Amino acid sequence: MLRFLLRRLLVAIPTLFAVVTLAFFMMHAAPGGPFDGERALTPEVERNVKAKYHLDLPVWEQYGLYLKDAVHGDFGPSLKYKDKTVLDILHENYLVSLVLGLSALTLAMLIGIALGVVAALRQNRPADYGVMTIAVLGVCIPTFVTAPMLVLLFASILGWLPTAGWNGGALANLILPVITLALPQIAIISRLTRAGMIEVLRSNYVRTARAKGLSEMRIVVRHALRAAVLPLVSYLGPACAGLITGSLVVERIFNLPGLGKFFVISALQRDYTVVMGMVIFYAALILVLNLLADIGSALLDPRVKLA
Amino acid sequence: MTDLVATVKTAPRGRSLWDDARRRLLANKAAVAGMIVLFVLVMAALIVPMLTPYTFDEINKNDVWVPPLTGAHLLGTDSLGRDLLARLFKGLQVSLSIGAVATSVSLIIGVAWGATAGYLGGRVDETMMRIVDVLYSLPFIFFVILLMVTFGQNLILIFVAIGAVEWLTMSRIVRGQTLTLKHKEFVEAARAAGLGQGAIIRRHIVPNLLGPVVVYVTLTIPAIILAESFLSFLGLGVQPPMASLGTLIANGAQDMELAPWLLIFPSVTMVTTLMCFNFIGDGLRDAIDPKDR
């Protein structure tokens, strides 16, 4: 276990380092400096400002300072919101994204596993084909198509749900964004569950359980399902990465005040420091989640060898 | 001698692995349907923009928000009176060519990297694959966004950026295959015949990698089309008046209550294209991959 952790850290640390380095040098290659305002600064002011942000130092020294600050979680000030740091912005916007992501993940797990189990139990029958069709559609229909289509149907035409907005996290406002985010994950999770279930249902211990005369329900829920969903634990990392990517589109379409929307706005406004800081933040988050998912799957599944 | 030639001529012709693969692929209805639809789409993307009476960026102030099937515009017009039919197929053309070019970029990098690592083995392999591991755990779409932000949005950059992102899996597949191939007798024979390492990689290893590579390419193209559309949807990809399926869907989503056709036609085209590629890819995998036989 310790060996495994060390190995993973040995990969994770250079990765994060590469992220910060790439981000820093891209920022420096970007045309225009942070203080090219509409009004030219007087030479004295410019010199003071540059000294304050260490822009008067050689690039490699600036890089060292950025690295040091980044390690301490400080990604510098925003260029568009002069009184805020990148960290302030992360802090102010994470909650909406967190609620959205967790709800979507829960929903995707529940529905995906249920569909996968049904498909496996009814293999090569209409129910199975139905689920697999949903899985193919879920993978092929991108979020930015599902979201407007759902809005058009349920908000504009039927008028059941609000078209957009957060409204303090009201349930009605959450339904469409969460479904949109969850759909591609449902597709993948149901496929994984189906594959796992089919394999497990053929195994000897399930046959033993059946021979003991246990009810089908008990066999499926208590014996087969536990083993079949174990591979899902290691899928949690990629799933979160998918949700984070999806949140960029979903928060924009539904106008939700989360990190994803802020990231896109900053990107369009070329708020370099915010974009860099958030890329680093997202990268770190995904790395940590992947690591946790791997550890989790190793703890739960004795067959997984931590190498 | 003549007897031998005669025997060889009358001997039943063996079925090559590729014959088998083709037969299995053609027996797969979804894959065949995918190929036919995709062929039609590609042809339409090439030909339709040349035939439409309007160009994709032609603004017609008098024909704004024309619904489909009414008047001169078969699929209607957008807020600037641009013909949706022309824009749709121009967009499909742009999306498909980004898919093709970026996939080629990823193919070249991935095959070269993977084949070299797998063939040379040892410390070189270790280092090269460790680099792939590190890159693998980066959320690359964010870096593409970063690239677009810092260096402005131009088509070439989109091609290269997305292509450079998608080569990792390819290099892993190619490396794995190379590792098994390099111990085969024909490689040994080539080495015994005095062929250099570069020539062995080029002439003997790479051609034999074709199967899994072809499968993965058909799955990479839709992934790249999706990535480009994602960027375009966020306003960071193809810039107006140029169209891609992503920009069309983004514009359509803004005006969907007023003009749902602007959303529906590009969305349907996009989903159809992606499904074709996925069906073909799945079919090819079933046909070529010896594991499931």
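What figure in square angstrom, to the nearest 10, would you give for the accessible area of residue A:253 with a 1.4 Å probe?
40 Å²
Going through the DSSP H helices of chain B, which span 30 Å or more along their own axis at the Cα atoms while scoring at least 0.0 as a mean Kyte-Doolittle hydropathy?
The answer, listed by residue number, is B:29-51, B:84-120, B:210-233, B:261-288.
Specify which residue in the list B:171, B:204, B:276 is farthest towards the positive end of the charge dipole of chain B, using unit charges on the beta carbon of Lys, Arg (+1) and Asp, Glu (-1), about the Cα centre.
B:204
Given the pairs B:29/B:182; A:52/A:261; B:61/B:90, which span a C-alpha to C-alpha distance of over 28 angstrom in this model?
The pairs that break the limit, which is 28 Å between Cα atoms, are B:29/B:182; A:52/A:261.
If you count only protein heavy atoms and use a 1.4 Å probe, how large is the accessible surface of residue A:72, to the nearest 10 Å²?
Accessible surface of residue A:72 is approximately 140 Å².
Which order do B:191, B:123 take when ranked by solvent-accessible area (1.4 Å probe, heavy atoms of all protein chains), largest first?
Reading off the accessible areas and sorting them downward yields B:123, B:191.
Ignoring trypsin sites (Lys or Arg not before Pro) that are buried or in helix or strand per DSSP, and keeping those with at most 15 other beta carbon atoms within 10 Å, what is the longest stretch of chain A between them?
A:213-302
Multiply the residue separation of residue A:18 and residue A:215 by 0.36 nm, subtract the distance between their alpha-carbon atoms, and state the gained length in nm to one decimal.
Gain on stretching residue A:18 to residue A:215: 65.5 nm.
Roughly how crowded by other chains is peptide A:245-256, in terms of the mean Cβ count from those chains within 10 Å of each of its Cβ atoms?
2
Evaluate the charge dipole of the stretch A:87-269 about its Cα centre and quote only its size in Debye, nearest 20, assuming +1 on the Cβ of each Lys and Arg and -1 on the Cβ of each Asp and Glu.
The calculation lands at about 1000 debye.
Modelled label-to-label distance, residue A:204 and residue B:62, 7 Å Cα→beta-carbon offset: nm?
Roughly 8.3 nm, to one decimal.
In debye to the nearest 20, how big a dipole does the protein assembly as shown give about its Cα centre with +1 on each Lys and Arg Cβ and -1 on each Asp and Glu Cβ?
Here the size comes out at about 2460 debye.
At what distance in angstrom do the alpha carbon centres of the stretch B:120-184 and the stretch B:65-101 lie from each other?
Going from one Cα centre to the other spans 34 Å.
Bins of 5 Å, beginning at zero and ending with the bin holding the largest distance: percent of Cα pairs per bin for the stretch A:87-269, please.
1, 8, 15, 17, 16, 13, 10, 8, 5, 4, 2, 1, 0, 0
Report the charge-dipole magnitude of the stretch A:1-145 in Debye, nearest 20, computed about the Cα centre from +1 at each Lys and Arg Cβ and -1 at each Asp and Glu Cβ.
Dipole about the Cα centre, nearest 20: 660 debye.
Report the accessible area of residue A:158, computed with a 1.4 Å probe over the heavy atoms of all protein chains in place, in Å² rounded to the nearest 10.
So the heavy atoms of residue A:158 present about 80 Å² to solvent.
Which percent of Cα pairs goes in each bin when the distances of the stretch A:198-256 are cut into 10 angstrom slices starting at zero?
Going out from 0 Å in 10 Å bins, the stretch A:198-256 shows 20, 30, 18, 18, 12, 2 percent.
Could you tell me the convex hull volume per residue, in Å³, taken over the Cα atoms of the protein assembly as shown?
Taking the convex hull of the Cα positions in the protein assembly as shown, it is 229 Å³ per residue.
Take the alpha carbon atoms of the stretch A:234-307, find their center, do the same for the stretch A:132-174, and report the distance between the two centers in whole angstrom.
With the stretch A:234-307 and the stretch A:132-174 each reduced to a Cα centre, they are spaced 21 Å.
With label points built 7 Å along Cα→Cβ from the Cα atoms of residue A:50 and residue B:180, find their separation and express it in nm.
Modelled inter-label distance: 6.0 nm.
The values are calculated or read from the model by the stated rules, or taken from the named source; none is laboratory data. Since we're looking at a predicted model, the values are computed, not measured. Note that each Cβ is placed from the backbone with ideal geometry, even for glycine, and that neighbours are counted across all protein chains shown. Surface areas here come from the heavy atoms of the whole protein model, side chains and all, with no ligands, DNA or RNA. Shrake-Rupley method; radii C 1.70, N 1.55, O 1.52, S 1.80 Å.
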